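Heads up, the thing below is written out as structure tokens.
The values are calculated or read from the model by the stated rules, or taken from the named source; none is laboratory data. This structure is a prediction, so every number in the text was calculated from the model and none was measured. Here the Cβ is made from the backbone with ideal geometry for all residues, glycine too, and neighbour counts use every protein chain on show.
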Amino acid sequence: MRLLRSSIHSLIQTAARLGLGLLNVKIAAIYLGPVGVGLYGQFWSLFGIFSGPLVAPIATVLTREIARIDDTEKRQQLIGEAIRLSFLIGVFLTALTIPWAGEISEWLFHSREYALQVVFAALALLPVFFNTTFIATARGTRRLKSLTVSELLIALSGTISAVIMIPLWGIHGAFWSLALSATLASLLLLVQYRNSGWLAQLLSLRSNANFRRDFLHFFASSIITATTIAVVPILLRNAVAGQLDLEHVGYWQAGTRLADLYFSVFSALFAMHFLPRFAEIRSRKEMRSELQRGGTRIIPVVVVGALLIYFLLDLLIPLLYTAEFLPLKQIMGWQLAGVVMQATAWYIRYVVVAKGFTWWVAATDIGFSLLWLGMAVALLPLFGLAAVSMAYCLRYVLDTLYSIVKCRQVIIGLPNP
């Protein structure tokens, strides 16, 4: 019953987010073209480098710890601690980034033209962390309605920013929209949660040393992980641009964006239901039962959806992008197969994440991201653009196998009832 409720809420928010995301994709394709879409992808990766080190600890640790306890006062301590820590670290990271904005722009775009947008991307860190705190709190407390509304408000903010700014200012508007949408989302969430009592935790002096230790532990590993995961696509785009051209970068970015939107259908359910559910399970038998029950329901749906998208590509590509993007068909088979394997790996790995194996998760993400980069660069001269998606698929095949081994070890370590 709980899985059904989570699935319904996940379907609602995912359908809306998917529709809004596809609208963003269409606008970018029309006004930016393949080359502009490729540059847009570089800026997305930059935003990931900025926000990733704190988004992951907030989203994972806060959700997990809130799900484990029932005491309201202790939950409030966790929320207050997360807000204070994320605010302080966010200010530090922003101050560290701003002096290097010109160099960052030069590295990403081979021009200092976008240095000001880099600065605004750094300034957007604080509202991003604020938004993530409320999302994690809603997940951990199983407030599905509040969570659904929050996710929709964040997605709507991104679409409003893109719809207004990309047609007016082109690629500059695309960069501005990414930086400003987080602030708009924060304003909307402030209205939503104005009477929740959570906002008062910002000034609360109550502290939770255990949470702070776990949070900072996760933050340390997350800096390395998030940076690696975000930098690898940047290096891949540079490799594709160097061996092929910028148009092929745009095709790959378009295919990646479509695959990511499809994967988000399931990643939302994983985070909403399975992370807090796996965190609260204490026995070996119950964990095995939950893992098997969820997997036999979710993974077949992922496969069927991927096949449906693949066979409809001739209709979907002109509809979602423009006819100019039809060459991305050559990579979508491998890309969608990779999404199926990614969903499988993530689902299995959430058992490990829920039980707090922080450094194993970090090492796995870093290792397989670097493996993807190495395989893609090695295969590019042989298979062209398809090499990047082939390597992506193989990366998650190996990731799935490795995650199965670790998940089995974690389950065996749980007590038998």
Residue among R257, R293 that alone is surrounded by 17 or more Cβ atoms within 10 Å (Cβ to Cβ) and either of a type in the set (D, E, K, R) or without any contact (Cβ under 8 Å) to a residue 24 or more places away in the chain (or both): R257
If I filter segment 330-350 for residues that are within 28 Å of T225 (Cα to Cα) and touching a Lys or Arg at 6+ places or on another chain (Cβ under 6 Å), do I get at least one hit? no
Return the only residue of V351, V301, V265, V377 being farther than 30 Å from I27 by Cβ and either charged (D, E, K, R) or surrounded by fewer than 21 Cβ atoms within 10 Å (Cβ to Cβ) (or both). V377
Would you be able to say whether some residue in segment 37-48 is surrounded by fewer than 17 Cβ atoms within 10 Å (Cβ to Cβ) and at pLDDT below 75? no
Got at least one residue in segment 164-175 being assigned to a helix (DSSP H, G or I), touching a Ser or Thr at 6+ places or on another chain (Cβ under 7 Å), at pLDDT 85 or above and crowded, with 19+ Cβ neighbours inside 10 Å? yes
If you scan segment 106-117, which residues turn out to be out of contact with any Ser or Thr (no Cβ under 6 Å at 6 or more places or on another chain), under 10 Å from F175 (Cβ atoms) and crowded, with 17+ Cβ neighbours inside 10 Å? F109, Q117
Does any residue in segment 95-111 that is in contact (Cβ under 8 Å) with a residue 12 or more places away in the chain come within less than 7 Å, Cβ to Cβ, of a residue that is among the β-branched types (V, I, T) and assigned to a helix (DSSP H, G or I) six or more places away or on a different chain, and which pairs are these? I98/V119; A101/V118; A101/V119; I104/V118; S105/V118; L108/I234
Looking only at residues in segment 382-410 that are more than 24 Å from the chain's Cα centre (by Cα) and farther than 18 Å from T364 by Cα, which one is surrounded by the fewest Cβ atoms within 10 Å (Cβ to Cβ)? L382
Residues that are crowded, with 19+ Cβ neighbours inside 10 Å and over 23 Å from T322 (Cβ atoms), drawn from segment 235-254: L236
Leading residue by the ranking (farthest from L126 (Cα to Cα)) among those in segment 158-190 that are more than 19 Å from the chain's Cα centre (by Cα) and among the aromatic types (F, W, Y): W169
Could you tell me whether segment 358-372 includes any residue that is in a helix (DSSP H, G or I), over 26 Å from I154 (Cα atoms), of a type in the set (V, I, T) and at pLDDT below 80? yes
When segment 226-281 is examined, which residues are found to be under 21 Å from the mean Cα position of the chain (by Cα) and among the β-branched types (V, I, T)? T227, T228, I229, V231, V232, I234, V249, T256, V265
Looking only at segment 126-152, count how many residues are within 17 Å of L190 (Cβ to Cβ) and surrounded by 21 or more Cβ atoms within 10 Å (Cβ to Cβ). 15
Only one of (1) closer than 20 Å to L275 by Cβ; (2) touching a residue at least 12 places away in the same chain (Cβ under 8 Å) fails for F130. Which number is that? (1)
Within segment 310-348, the residues that are of a type in the set (F, W, Y) and either surrounded by fewer than 22 Cβ atoms within 10 Å (Cβ to Cβ) or free of Cβ contacts under 8 Å to residues at least 60 places away in the same chain (or both) are Y310, F311, W334, W346
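Yes/no per residue for (1) over 30 Å from E280 (Cβ atoms); (2) out of contact with any helix residue (DSSP H, G or I) (no Cβ under 6 Å at 6 or more places or on another chain); (3) touching a residue at least 60 places away in the same chain (Cβ under 8 Å):
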{"site": "A136", "(1), (2), (3)": "no, no, yes"}
{"site": "K145", "(1), (2), (3)": "no, yes, yes"}
{"site": "L168", "(1), (2), (3)": "yes, yes, no"}
{"site": "F175", "(1), (2), (3)": "yes, no, yes"}
{"site": "L184", "(1), (2), (3)": "yes, no, no"}
Flag if Q342 is more than 18 Å from the chain's Cα centre (by Cα) and closer than 20 Å to L291 by Cα: no
